[in-house]
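Written below as structure tokens is the structure these notes are about.
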Amino acid sequence: MSISAVMPTYARTDVVFDRGEGAWLYATDGRRFLDFGGGIAVTSLGHAHPHLVAALQEQAAKLWHCSNLYRIAGQEKVAARLVANSFADTVFFCNSGAEAMECAIKIARRFHQAQGAKDKFRVITARGAFHGRTLATISAGGQEKHLDGFAPKVDGFDQVAFGNLNETRAAITPQTAALVVEPIQGEGGIIPADPQYLQGLRQVADEFGLLLIFDEVQCGLGRTGKLFAYEWAGVTPDVMALAKGLGGGFPVGACLATERAAQFMTPGTHGSTFGGNPLAMSAASAVLDVMLADGFHDRTTRIADHFWTQLRPLVAKHSGVFAEVRGKGLMIGLKCKVPNGDVIARAMDNGLLAVAGGDNVIRLLPSLLIGEAEVDAAVAILDRTATELAA
Ligand SMILES: *Cc1c(COP(=O)(O)O)cnc(C)c1O
């Protein structure tokens, strides 16, 4: 047998990190890196943020887990704050983005079926979408590379072009229960939805009596300069999935919903052993302490503007390497003209971590607390990297 003890489902880079501080990661071989991957949009307040560390340490000494057989004070507190700061009336806690999306899909099916529409179960999703790696969410995402070898596809997902309202309308049948979209596609290559498209989806959902589900697992929680990306479009969904940034690195997912959408999610209809345990809630609560403080989003927007002001000329200067910069706030995609993997590998050699995305994009998803000096250092590394690649 030659399989590694860790199941080899990832193409991992040969580096081991053992310490992080703010925007920096320190490897066991003595190298340090500017972390603009953020563990794929997870460490949204950087590494070892003192407030998060203290919150988790304090909770760790008191109570880790007790199950959802009992009330959990941390859940009540975090849910109340998410409700107070969003469209939602109620929150289900889980452990990952895929689980948050599973909950969203279950809410949509049950919403219709509990009202007697037993044949309503289909969900319309967008091409290029990513909603997780469970059987249902790979079927929702519809990407061949994620479905290969895992047939049969879970039934009930119909894909249309991202951004296309006519196709969305045309795909609706009497079996359709919901529309699902990422307000900014993440894995697909940082592709923002047009505000008019999101507004149109809201109208279509209302016209046909469908639930509108936003997957903000990647674009949510402050990344775009507002707490939620949907705020930029001035529309609200009926259901929304969150995860990545919510625990600042601790695994937490959440599915938010209006009272109307979740009215049939009664005791026994859904559950999770670990979801929303006290340890996870202490992390999420500490993240919200920071993100809900006055001026947090303004600061993100200011630092993002500082970054974008340099990225636009950088892309123009290296037009043989970069095709465009796109995204919103600190959710940034650089579309490449050379293989994105080459740019990421070279940037890493130069001390900067970034993440690959679809459409030959490199994703920059740094800590929202990044400073100007760190942004400038990242831009300098990208500049050097592009110069080397062009040579
Ligand atoms: C990462 C991601 C998911 C899946 O989250 P996991 O925690 O990996 O299950 C779902 N939707 C979007 C938009 C994501 O970016």
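Restricting 301, 309 to residues that are hydroxyl-bearing (Ser, Thr, Tyr), within 25 Å of residue 49 (Cα to Cα) and outside the structural domain of residue 184 (by TED's automatic domain parsing) narrows the list to 301. If you take the residues of the stretch 106-131 that are open to solvent by less than 10 Å² (accessible area, probe 1.4 Å) and within 12 Å of the ligand (Cβ to nearest atom), which of them is nearest to residue 40 (Cα to Cα)? That would be 131. Working only within the stretch 170-183, note down all residues that are open to solvent by 10 Å² or more (accessible area, probe 1.4 Å) and in contact with a helix residue (DSSP H, G or I) (Cβ under 6 Å, 6 or more places away or on another chain). Within the stretch 170-183, just 172 meets the criteria. Here residue 203 meets the list (1) touching a Pro at 6+ places or on another chain (Cβ under 6 Å); (2) surrounded by fewer than 20 Cβ atoms within 10 Å (Cβ to Cβ) almost entirely, failing just condition (1). Listed by first and then second residue, the pairs linking a residue in the stretch 308-319 that is closer than 16 Å to residue 388 by Cα to a residue that is open to solvent by less than 70 Å² (accessible area, probe 1.4 Å) and in a helix (DSSP H, G or I), with Cβ atoms under 7 Å apart and 6 or more places separating them unless they lie on different chains, are 314/379; 314/382; 314/383; 318/386. With respect to the conditions (1) within 16 Å of the ligand (Cβ to nearest atom); (2) β-branched (Val, Ile, Thr); (3) closer than 28 Å to residue 68 by Cα, residue 90 falls short on a single one, namely (1). If you check 255, 219 for being closer than 19 Å to residue 86 by Cβ, open to solvent by less than 10 Å² (accessible area, probe 1.4 Å), touching a Cys at 6+ places or on another chain (Cβ under 6 Å) and hydrophobic (A, V, I, L, M, F, W, C), only one passes: 255.
The values are calculated or read from the model by the stated rules, or taken from the named source; none is laboratory data. Bear in mind that the values here come from a model prediction, so they are computed numbers and not experimental data. So basically every Cβ, Gly included, is an ideal-geometry build from the backbone, and we count neighbours across all protein chains shown. Heavy atoms of the whole protein, side chains included, go into the accessibility calculation; ligands, DNA and RNA do not. Shrake-Rupley method; radii C 1.70, N 1.55, O 1.52, S 1.80 Å.
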